[in-house]
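Quick notes on the structure that follows.
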Amino acid sequence: MPAELPETLESRLRLRRLLVPLPYILLGVSAVLVLLSPGQSAGDRLVTVALVAVTAAWALGMYTLRPASWTQRTGPMLVYVGGQLALAAVLMSWQPAFFVFGTIGFVQAYEVLPPRWAFVSVFLTSCLVNVLPGGVPDTPEWATMVVLIVALQTFLIGWFGYLGYRFSDETEQRHRAVAQLRTALAENAGLHAQLLEQAREAGIHHERQRMAREIHDTLAQGLTGIITQLQAAERVRDDPRLWRHHVDQVHTLARESLAAARRSVAALGPQELEDVRLPDAVADLAARWSRTSGVPVQLETTGEARTLHTEIEVTLFRAAQEALANVAKHAGAARVAVTLSYLDDVVMLDVRDDGAGFDPAAVPPGGGADGSGFGLHGVRQRAERVQGTLTIESEPGDGTTLNVTVPALTPETRPT
């Protein structure tokens, strides 16, 4: 997709399109005034036409059709301006009405020349249009008036032209700096997304290996043990004590296997996000949880909701899932509030309850030996894997607030 042109460059292109025909317009107006003036012989008109043709050819070759490289080179443009001033002087010496064309020097000075040479061009143009049409001043008063006019004209046109040049140049530099900054931010976002994708792929590979190990070491062995215990219970069904012992072993193995299965599939993407957007998925989750727990949930989405990178949405959804599950298990809350906030650079999930609360410092970083805190540890790991953060604010008897903040990466930043 082509990059948008800076506003300054667009304005310069528009000015360029306006200035291209201007020399020919002024030259044509001057020629018409001369050719229609009375007292012109056929020879005079022929000379006028010849001078106009030469001037137009000079403007065409040196200005309108000039090579693009000349625009950034002072030498060729000085040749063009010098030649045009000389031709304007010849035309005004031939017929004073050509001063109309001579004013082109005021307009083109800062468009084709750097400031120092542009100021000189304005001065020479002012001298030509104020001296040649009326002739060289023959009285001190008239000479003084001409000098004052030339000085004032050069100062005003030259100074304001210089200010316009500086303003345009500084504006273009600012646009260029902003464009470079945007490019750098886009590159950083691309690198961020690339690192995220690499981490995601590495995580998938790691989880596959881990699940394979756990299926072999826990689930498969647990199921084998269950079958063995059931077969043993069949053999001693007439002995209630032994039968109860084997059934208790089955219950123990089943609970352990279920816990292992839950831990093994915890990293899989939620089915709830396959066909709906994240705010809708969180709303459905909150509604189902509220019906099951009997606790009302207030859901709010702030900012402009947008589709995020898959890993970002999974992280936020799993965090909401774990937070609500913990409220149901431990909080004894009467009300819960869930807020999903879309900001410019980050997305935040807040889950607040008015329940029993707890001391976050008392929960081991990796979860307790009985499994308590394991879900929060998983949420923290997910957040950190996408360069996000998990914050828990809670005190016994004062409710709990869980906040997950992650970067607002969109699918467009994902590398191809």
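At-a-glance table
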read-out: Any hit, region 134-143, residues being over 19 Å from Gly28 (Cα atoms), outside any helix (DSSP H, G or I), modelled with pLDDT of 80 or more and touching a Pro at 6+ places or on another chain (Cβ under 8 Å); value: no
read-out: Some residue of region 368-381 being of a type in the set (Val, Ile, Thr), in a helix (DSSP H, G or I), modelled with pLDDT of 85 or more and in the same structural domain as Ala286 (by TED's automatic domain parsing); value: no
read-out: Residue list for region 272-330, filter: touching a helix residue (DSSP H, G or I) at 6+ places or on another chain (Cβ under 8 Å) and among the acidic types (Asp, Glu); value: Glu272, Asp284, Glu311, Glu313, Glu322
read-out: Out of Val347, Val297, sole residue that is surrounded by 20 or more Cβ atoms within 10 Å (Cβ to Cβ) and either hydroxyl-bearing (Ser, Thr, Tyr) or more than 23 Å from the chain's Cα centre (by Cα) (or both); value: Val297
read-out: Evaluation of Ile226 against (1) modelled with pLDDT under 75; (2) surrounded by 14 or more Cβ atoms within 10 Å (Cβ to Cβ) (one fails), failing number; value: (1)
read-out: Among residues of region 65-102, those that are at pLDDT 85 or above and β-branched (Val, Ile, Thr), counted; value: 4
read-out: Pairs with Cβ under 9 Å, 6+ apart, first in region 22-33 and under 12 Å from Leu91 (Cα atoms) and in the same structural domain as Val90 (by TED's automatic domain parsing), second of a type in the set (Val, Ile, Thr) and surrounded by fewer than 15 Cβ atoms within 10 Å (Cβ to Cβ); value: Ala31/Val49
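The values are calculated or read from the model by the stated rules, or taken from the named source; none is laboratory data. Values in this document were obtained by computation on a predicted structure and should not be read as measured data. Note that each Cβ is placed from the backbone with ideal geometry, even for glycine, and that neighbours are counted across all protein chains shown.
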